[in-house]
1. Placing unit charges on C-beta atoms (Lys and Arg positive, Asp and Glu negative, everything else neutral), compute the dipole magnitude of the range 1-69 about its Cα centre in debye, rounded to 20.
2. Students often check this: by mean Cβ neighbours within 10 Å, which of 13-25, 51-63 ranks highest, and how do the rest follow?
3. Can you tell me which of 70-79, 30-39 comes out highest on packing, and rank the rest after it, using the mean Cβ neighbours within 10 Å?
4. Given points 7 Å out from each Cα along the Cα-Cβ axis, report the residue 10 to residue 54 separation in nanometres with one decimal.
5. Consider the candidate values [x] 71; [y] 54; [z] 50; state which one is percent of Cα pairs over 16 Å apart computed from the structure displayed.
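Laboratory data are not the source of any read-out in this text; all were calculated from the coordinates shown. Please read these numbers as outputs of a predicted model, since none were measured by experiment. Positions of Cβ are backbone-derived with ideal geometry, glycine not excepted, and every protein chain shown enters the neighbour counts.
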Amino acid sequence: MSLGKKDIIKNISSKAHISSAIAAELTESFFNLVKQCTSDNAIKIANFGRFYKRVTPERIGRNPKTKQEFPITKRSKLFFKTSVKVKHILN
């Protein structure tokens, strides 16, 4: 099961008994904060997990339909690693 941003907003608004607009603003603010702060180093939230950036190397991609190859530039991606406590709760 995957959660999109709309699902997260809906869950926050229903559980916190606030409007969807306020929940959307909170969610956007949180994601923007994580994006800004992880540019230098990782963000660790105790008993929850860690957000960090990782650079993926340049590679060759392929269109599966036409088999045409093209270069994919290196990128920095945001990753999340859950804490041990969260893993135990989910498993």
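1. Working: 13 positive and 6 negative charges, 70 e Å.
Using Cβ point charges on Lys, Arg, Asp and Glu, the range 1-69 gives about 340 debye.
2. Values: 13-25: 12.5, 51-63: 11.0.
The densest-packed peptide leads the list: 13-25, 51-63.
3. Top of the packing list down: 30-39, 70-79.
4. Going from the residue 10 label point to the residue 54 one covers 3.0 nm.
5. Here the calculated entry is [x].
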